[in-house]
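S.K.: I'd like to ask some things about the structure below.
The values are calculated or read from the model by the stated rules, or taken from the named source; none is laboratory data. Only a predicted model underlies this, so the values are computations on that prediction, with no experimental measurement involved. We place every Cβ from the backbone using ideal geometry, glycine too, and count neighbours over all the protein chains shown. Protein only, heavy atoms only, side chains kept; ligands, DNA and RNA dropped before computing areas. Shrake-Rupley method; radii C 1.70, N 1.55, O 1.52, S 1.80 Å.
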Amino acid sequence: MHHGRVLSSLAPARRRFVLALLALAAVIVLAAVVAVAVAFVARGPGGRTDALPVGQSDPGPVLLVPGYGGSTSSLDALAGVLRARGKTVQVLHLPGDGTGDLGTQAKALASAANELQRGQQASSIDVVGYSAGGVVARLWVRDDDGAAIARRVITLGSPHHGTDLAGAAGSFLPNACPTACQELVPGSDLLSALNAQDETPDGPTFVSIWTTHDNVVLPPSSARLSGALNVTVQAVCPADQVQHGGLPGDPAVQAMVVKELAAGPAVALGRADCPR
């Protein structure tokens, strides 16, 4: 029987009631369709939900990510400086020997970051990635929902566009260039995909700190990150000749990190900020 005939056969009061129910059902269905559409549009590569920028006014705990090889000893001094200023600091231990797939390392970072956030009941966390650890932090932001909880991502001497040192190792000593080394070759599939679009996606504020005297990230300008606050050590302390391995323990670099982890937006640093 046609729906119109059914409605016309009803008493006026009942007909109004049925029409109201139909209108309500239509509204619910429309809302559900809109919600699904919004969720679909908001999902980025790999199904990740793109995050809105994270609030900058409330610094959270700090997670330090070591570089290639996974050694945490170089980060001990920086961790001590931050803890002396009241920060809760955790140093990430990378899986294996720290030379494996950087994407796998990013998943380890995701697990540690989520655990740290829950344990501290923090609205967000800050991440400092040294050397290859900065690339790991970017992968975490892009692929593992790091954008939803990271307030600040600071990278120290990170080969965001690769290093010729890895390229030379891959060409002349392939057996001495494991997976992470291969992924840090300029133009590698991993770096090409990571830098193909927005190098600093919505979510955290990115800061890249690097030294013009870097002897591992070659050229040193590979650490320049489009869309980030980029600052060289020498722009703050011109006489500082710190090289790659000394970045986390350098007093000027430590002072720069402290300033960039403060509440509020990232700040452009100059010579007046060089520690005396």
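S.K.: Using a 7 Å offset from Cα along Cα-Cβ at Ser221, what residues in the range 239-276 end up with backbone N under 17 Å from the label point?
M.R.: From the range 239-276, the list is empty.
S.K.: Counting only protein heavy atoms, what percent of the accessible surface of the range 165-276 is carbon or sulfur at a 1.4 Å probe? If you can, show how the numbers build up before the last one.
M.R.: Details: 2840 of 5170 Å².
Looking at the range 165-276 in its full context, I get 55 percent from C and S.
S.K.: What ³J(HN,Hα) values, in whole Hz, does the Karplus curve 6.51 cos²θ - 1.76 cosθ + 1.60 give for the range 87-96 when θ = phi - 60°, with x put for Gly and Pro?
M.R.: Result, rounded to whole Hz: 7, 7, 10, 10, 9, 6, 9, 6, x, x.
S.K.: Here's a follow-up. Which values, in whole Å and largest first, are the semi-axes of the equivalent ellipsoid of the range 194-233 obtained as the square root of 5 times each eigenvalue of the Cα gyration tensor?
M.R.: Working: eigenvalues 84, 29, 7 Å².
The three semi-axes for the range 194-233 are 20, 12, 6 Å.
S.K.: Report the local net charge at Pro61: Lys and Arg +1, Asp and Glu -1, summed over other residues whose C-beta lies under 14 Å from its C-beta. Display every interim value, and only then the final one.
M.R.: Working: positive: Arg83, Arg85, Lys87, Arg118, Arg151, Arg152; negative: Asp58, Glu115, Asp126.
Net local charge, Pro61 excluded: +3.
S.K.: Between the range 127-194 and the range 80-108, what is the C-alpha centre distance in whole Å?
M.R.: One Cα centre to the other: 14 Å.
S.K.: Per the Cauchy relation, a quarter of the hull surface: what is the mean projected area of the convex hull of the alpha carbons in the range 134-276, in nm²?
M.R.: Details: hull surface 34.8 nm².
For the Cα atoms of the range 134-276, the hull's average projected area reads 8.7 nm².
S.K.: Please list 186-194, 228-236 highest first by mean number of surrounding beta-carbon atoms within 10 Å per residue.
M.R.: On the way: 186-194: 15.3, 228-236: 20.0.
Order by mean packing, descending: 228-236, 186-194.
S.K.: Direction-averaged shadow area of the convex hull around the Cα atoms of the range 206-276, nm²?
M.R.: Numbers: hull surface 18.3 nm².
For the range 206-276, averaging the hull's shadow over all directions gives 4.6 nm².
S.K.: Using R₀ = 25 Å, calculate the FRET efficiency as 1/(1 + (r/R₀)^6) where r is the Cβ-Cβ separation of Thr88 and Ser192; round to 0.05.
M.R.: On the way: r = 36 Å, r/R0 = 1.44.
The pair Thr88/Ser192 has a calculated efficiency of 0.10.
S.K.: Can you bin the range 65-201 into rounded, prolate or oblate? Criterion: square roots of the alpha carbon gyration tensor eigenvalues sorted a ≥ b ≥ c, rounded for a/c under 1.5, prolate for a/b above b/c, oblate for the rest.
M.R.: It comes out prolate by the Cα gyration axes.
S.K.: Over the Cα atoms of the range 94-147, what radius of gyration and what Dmax do you get, in Å?
M.R.: Rg and Dmax of the range 94-147, Cα atoms, are 10.8, 32 Å.
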